[in-house]
Each structure stands twice: as C-alpha cells, then as structure tokens.
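Read the structure below first, then the notes.
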Amino acid sequence: MGAGTFFTRLFFGEAGVTRRKTAGAKRILQLPDRKLLAEAYLPAMAADGGRILWVGCRAYTADDYAALEAGGAEVWTTDIDPEAARWGVLGRHRTGDVCIIDKIFPDMIFDAISCNGVLGYGVDTPEQQRQALVAMAAILRPGGRLLLGWNTDKIEDPVAAGLTSPEFAPTPYAGQESRVRFDEVTHVYDALVRT
C-alpha cells in the first residue's frame with residue numbers, strides 16, 4: 001500500500017480511498033491518449049468483434065470492456081497483479097505475466113489484443129518486451145490486431161528496435177496512422193497486425 005493510500009485510509013476511511021482512486025481514474029480518462037482510445041480505437045475494435053484480450057486492468061479500464069462487449073466482442077482480461085482481478089471481466093479474467101501469456105491462455109486464440117501501458121510499467125527491458133510480444137503473437141490469430149500503447153519516457157521505441165518484427169507489421173487502424181503520438185503526453189499508440 002502506498003503512503004498516499006495509507007494516510008487517506010487513516011484520516012478518511014475506505015470511502016476516502018475510493019474517492020481518491022475515482023479522482024485519479026477521472027484524471028486519466030481526460031488524457032488525450034485515453035480520449036483517442038475511447039473515440040477511435042474502441043469503436044473500431046467493437047465493430048471488428050471477435051475475442052479480445054485486454055492486458056493490464058485498472059479502475060479506469062472497466063468501461064472499455066463494456067464498450068467492446070456492447071459491440072458484440074467477447075472480452076477477456078489479464079494482469080500480473082492478483083488484486084487487479086477486481087477490475088477485470090468477471091468470469092473471463094486470468095492472472096499472469098504477459099511475458100508468458102501464451103502459457104496463461106494456452107487454450108485460446110484471440111482476434112485482437114490491447115496491451116496499453118504495460119511496456120515500461122513492469123515489462124521494462126528489451127528482452128522482457130520481446131518475450132511479451134512473442135507470447136502475445138502466439139495467441140493472436142494471423143491477421144489479428146495488436147494495439148500497443150507505450151510511453152517515450154519509460155522505454156525506447158519497441159518498433160524501431162525491431163522488437164515487434166517479424167511477428168507484427170505496422171498497419172493504419174481506426175482512421176489513424178499506424179503510429180499516433182501526442183504533443184501533450186509521452187504516450188504512443190502503435191497499431192500492428194499479426195503476420
């Protein structure tokens with residue numbers, strides 16, 4: 001537990017912790033990268049349908065699964081943190097490391113994967129990133145989409161470093177170029193297709 005959560009709980013109780021987390025989630029949802037996700041990528045993924053794996057669960061991602069499922073997709077979630085299961089899809093969540101995600105989901109093939117804010121937040125070294133990308137490719141059908149979100153202040157460019165090839169090719173998606181950068185934040189989206 002972080003110091004902020006500890007002191008909030010001490011002085012304001014559990015309701016204060018919930019209000020603090022809700023305020024943090026609201027702030028994140030106002031970021032330009034999160035707005036683009038909600039306005040372009042999620043509707044496109046929902047329209048494509050199929051089985052989608054969402055890697056990395058937080059309080060602010062729960063509405064994303066609902067948006068995808070409203071469009072007819074079947075969403076599965078995963079996170080390395082067992083506590084994050086509360087933010088995953090009930091009955092369709094598995095806890096595990098994305099670097100061995102093919103071992104966590106050995107019985108499934110996905111039509112799309114969203115891996116947003118994971119590289120650089122636990123999957124830090126180029127070796128870990130490469131391992132995660134190979135493992136995701138193993139459970140993504142050929143022609144399936146990977147939406148990869150990462151931050152320039154956390155890791156080096158995984159596409160330029162060759163970590164996404166030969167399993168993935170950059171491809172425009174959802175009315176966007178294959179790579180989208182933002183002036184206001186360090187976030188980058190790479191839209192990739194499984195080769």
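Out of the total accessible area of the chain (probe 1.4 Å, heavy atoms of protein only), what percent is carbon and sulfur?
C and S fraction of accessible area: 55 percent.
For the chain, set up a Gaussian network in which alpha carbons nearer than 10 Å are linked by springs, and say which option among ILE139, ILE104, ILE28 fluctuates the most.
In the Gaussian network model the winner is ILE28.
Going through the stretch 125-195, which GluC sites (Glu not before Pro) have at most 14 other Cβ atoms within 10 Å and a DSSP loop state?
GLU156, GLU177, GLU184
For a quick check of understanding: with a 1.4 angstrom probe and all protein chains in place, what accessible area in square angstrom does ARG94 have, to the nearest ten?
Around 60 Å² of this residue is reachable by solvent.
For VAL134, put the label point 7 Å out on the Cα→Cβ axis and report which residues of the stretch 76-115 keep their amide N under 16 Å from it.
Residues 98-104 qualify, since their backbone N sits under 16 Å from the label point.
So how do SER178, SER114 rank on accessible area, 1.4 Å probe, biggest first, that is with the largest at the start?
SER178, SER114
Can you tell me the relative contact order of the chain? Whole percent, Cα pairs under 8 Å, sequence separation 6 or more.
Answer for the chain is 17 percent.
Determine the calculated [θ] at 222 nm for the chain from helices alone, applying -39500 (n - 2.57) to every DSSP H run no shorter than 4 residues and normalising by the residue count; nearest 500 deg cm²/dmol.
Counting only the DSSP helices, I get -10000 deg cm²/dmol.
Could you name the aspartates and glutamates in cross-link range of LYS35, using Cα to Cα under 17 Å and dropping any fewer than eight places away on the same chain?
ASP63, ASP64, GLU177, ASP183, GLU184, ASP190
Run the quick spin-label model on ALA47 and ASP124: label points 7 Å from Cα toward the beta carbon, then report their separation in nm to one decimal.
4.0
HN-Hα J couplings of the stretch 77-90 from phi, Karplus 6.51/-1.76/1.60, θ = phi - 60°, integer Hz, Gly and Pro as x?
10, 8, 7, 6, 7, x, 5, 6, 4, 4, 9, x, 7, 4
Can you classify the stretch 37-195 as rounded, prolate or oblate using the Cα gyration tensor, where a ≥ b ≥ c are the square roots of its eigenvalues, rounded means a/c under 1.5, and otherwise it's prolate if a/b beats b/c and oblate if not?
Rounded.
How far apart, in nm, are the 7 Å Cα→Cβ label points at THR195 and THR95?
3.7
For a Förster distance of 30 Å, can you work out the FRET efficiency between the beta-carbons of GLU74 and GLN30, rounded to the nearest 0.05?
So the FRET efficiency works out to roughly 0.55.
So how strong a dipole does the stretch 106-195 carry about its Cα centre when Lys and Arg Cβ are +1 and Asp and Glu Cβ are -1, to the nearest 20 debye?
280
Give a residue-ordered list of calculated ³J(HN,Hα) values for the stretch 133-143 (Karplus: 6.51 cos²θ - 1.76 cosθ + 1.60, θ = phi - 60°; whole Hz; x for Gly, Pro).
Values per residue, Gly and Pro as x: 5, 5, 5, 5, 4, 5, 10, 10, 5, x, x Hz.
Counting other Cβ atoms within 10 Å of each Cβ, which trypsin sites (Lys or Arg not before Pro) in the stretch 112-195 have at most 16 and sit in a DSSP loop?
LYS154
Run the quick spin-label model on GLN176 and ALA59: label points 7 Å from Cα toward the beta carbon, then report their separation in nm to one decimal.
For GLN176 paired with ALA59, the spin-label model returns 2.5 nm.
Just ALA160, ALA112, ALA84 to compare: in a GNM of the chain, with alpha carbon springs under 10 Å, which one fluctuates most?
ALA160
Dipole size in debye (nearest 20) for the chain around its Cα centre, Lys and Arg Cβ +1, Asp and Glu Cβ -1?
520
Given H placed on each backbone N at 1.01 Å, which residues far from GLY144 in sequence or on other chains put an amide H within less than 5 Å of it?
The list, which skips near neighbours in sequence, is ARG194.
For the stretch 151-156, in order, what is each residue's ³J(HN,Hα) by Karplus, 6.51 cos²θ - 1.76 cosθ + 1.60 with θ = phi - 60°, in whole Hz (x at glycine and Pro)?
10, 5, 8, 10, 9, 6
The values are calculated or read from the model by the stated rules, or taken from the named source; none is laboratory data. This one's a predicted model, so the numbers in the text were calculated from it and none came from an experiment. Note that each Cβ is placed from the backbone with ideal geometry, even for glycine, and that neighbours are counted across all protein chains shown. When the accessible area is computed, the model is the full protein with side chains, heavy atoms only, and any ligands, DNA or RNA have been set aside. Shrake-Rupley method; radii C 1.70, N 1.55, O 1.52, S 1.80 Å.
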